[in-house]
Amino acid sequence: MNKKRILVVASCANSLINFRGDLIKRLIQEGYDVYTAVDSYPDKVLARLKEYGVITPLEYKLQRTGLNPFNDLKTIFNLKELIQQNNIDLVFPYTVKPVIYSSIAANMSKVPVISLITGLGFTFTGLSLKAKVLQRLNEFLYKISIRKNKIVVFQNKDDRNLFFERNILKKINRTEIVSGSGVNLDQFKFRVKDNSFGKTNFVIVTRLIKEKGTHLFIEAAKVLKQKYPDSEFHIIGSVQNSPSAIKIEELESLHDEGVVVFHGSQSSVLEHLSARDVFVLPTYYREGVPRSILEALSVGMPIVTTDAPGCRETVIKGENGFLIPTQNLESLIESMEFFITNPDKIKEMGQKSRDYATKRFDVNIINNNLVNMINSVLAK
């Protein structure tokens, strides 16, 4: 009996390992032949995928940023060709462009699709004219691409509700919700952090753009560092090529002044999370469920984040952290200051974070749900 073939389509090769590695391994264990498709593969990613047992890592043409109708059509027909040449039985795309283009290509090929909406990002923040224009365009592209998909999977209820409210999907469309990409609890092991008598240190791990709340974290650090000199404020992330990017010169200057500790991009954040006390992400970017928060939960860190789609899923108010209004510096400072003046709460709330991660965000729970969906579609 021939094995069913699943094509996982992404925009970034590293995400296949970091976000979907456990799912890919699980699908192979379930007896599926798994193919992957991105625009290009670093050698390290290729090696890992082959270790997993991926049949053939495929490449397709993708313009990651911007919109060009000619290039977009080339991408769709390129994906259609890959689907048909490799006799794919089911397509599983995630992130915006792979979802839109792969869904169109698969529907043209009469191949079923389970698409994963991992967050709506900048275009659905609606904070600028550009965002509003892109939002309307993306709504149209989603409408024409995903309505025929067998299942559309969301990472939070807010995004699903928005798709129904905007008539992107209809009530007849099958939708499901999973709690983010999940976190490997064995990889991000729990550590007890007893900080009853020590200084409190905070960390943010994100792309260094304003929408992710990096500038708010910096402003809070300026205020709190002056008031509590022993406290530390760690920033981990890569500087972006974006109009809203935090300038490297500003970060280096603040680092030299001792206001923040800037680590730059890190291939592994585990040791940093294990060494810090409180995780902060004051984002107003339209998140799915931020993977960085899930990793912090698993390690056992209290969380300070925004009461916004995706983020609000990760905090039980007052138990494992605090939810603050978006773009509210005063609330951010107040929540962070709580842990400086109540260091004994770090251990207690960190334990509750780990408990919550175990109960809701274990990658095995997420992958069980996704595999059951895939089985249900391919069994028909």
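The values are calculated or read from the model by the stated rules, or taken from the named source; none is laboratory data. Computed from a predicted model, the values in this text were never measured in an experiment. Cβ atoms come from the backbone with ideal geometry, glycine included; neighbour counts cover every protein chain shown.
Exactly one residue among Lys74, Lys80, Lys97 is part of a helix (DSSP H, G or I), at pLDDT 85 or above, under 22 Å from the mean Cα position of the chain (by Cα) and of a type in the set (Lys, Arg), and that residue is Lys97. Scanning the stretch 145-177 for residues being over 19 Å from the mean Cα position of the chain (by Cα), of a type in the set (A, V, I, L, M) and within 21 Å of Ile374 (Cα to Cα) gives a total of 4. Return yes when Lys212 is in the same structural domain as Gly288 (by TED's automatic domain parsing) and at pLDDT below 95 and no when it is not. Against the criterion (in the same structural domain as Gly288 (by TED's automatic domain parsing) and at pLDDT below 95), Lys212 qualifies.
Tell me, please, whether a residue that is at pLDDT 90 or above, among the β-branched types (Val, Ile, Thr) and assigned by TED's automatic domain parsing to the domain that holds Gln84 can be found in the stretch 130-140. Checked the stretch 130-140: no residue is at pLDDT 90 or above, among the β-branched types (Val, Ile, Thr) and assigned by TED's automatic domain parsing to the domain that holds Gln84. Among the residues of the stretch 146-194, those that are assigned to a loop (DSSP other than H, G, I, E, B), assigned by TED's automatic domain parsing to the domain that holds Leu116 and without any contact (Cβ under 8 Å) to a residue 40 or more places away in the chain comprise Arg147, Arg166, Asn167, Ile168, Leu169, Lys170, Lys171, Ile172, Asn173, Arg174. Checked against (1) under 21 Å from Asp362 (Cα atoms); (2) part of a helix (DSSP H, G or I), Val223 passes all but a single condition, namely (1).
All of (1) in contact with a Ser or Thr (Cβ under 6 Å, 6 or more places away or on another chain); (2) closer than 15 Å to Leu297 by Cα hold for Ile340 with one exception: (2). Within the stretch 306-340, being at pLDDT below 95, farther than 27 Å from Phe19 by Cα and among the polar types (S, T, N, Q) holds for one residue alone: Gln327.
Among the residues of the stretch 323-339, those identified as without any contact (Cβ under 8 Å) to a residue 60 or more places away in the chain and either of a type in the set (Lys, Arg) or assigned to a helix (DSSP H, G or I) (or both) are Glu330, Ser331, Glu334, Ser335, Phe338. With respect to being in a helix (DSSP H, G or I), within 20 Å of Lys189 (Cα to Cα), in contact (Cβ under 8 Å) with a residue 40 or more places away in the chain and touching a strand residue (DSSP E or B) at 6+ places or on another chain (Cβ under 6 Å), Ser298 fits the description. Of these, Glu271, Glu252, which one is outside any loop (DSSP other than H, G, I, E, B) and under 22 Å from the mean Cα position of the chain (by Cα)? Testing whether each residue is outside any loop (DSSP other than H, G, I, E, B) and under 22 Å from the mean Cα position of the chain (by Cα) leaves just Glu271. Screening the candidates Asn342, Asn320 for the property of being assigned by TED's automatic domain parsing to the domain that holds Lys212, surrounded by fewer than 20 Cβ atoms within 10 Å (Cβ to Cβ) and either under 17 Å from Phe202 (Cβ atoms) or in contact (Cβ under 8 Å) with a residue 60 or more places away in the chain (or both) yields one hit, Asn342.
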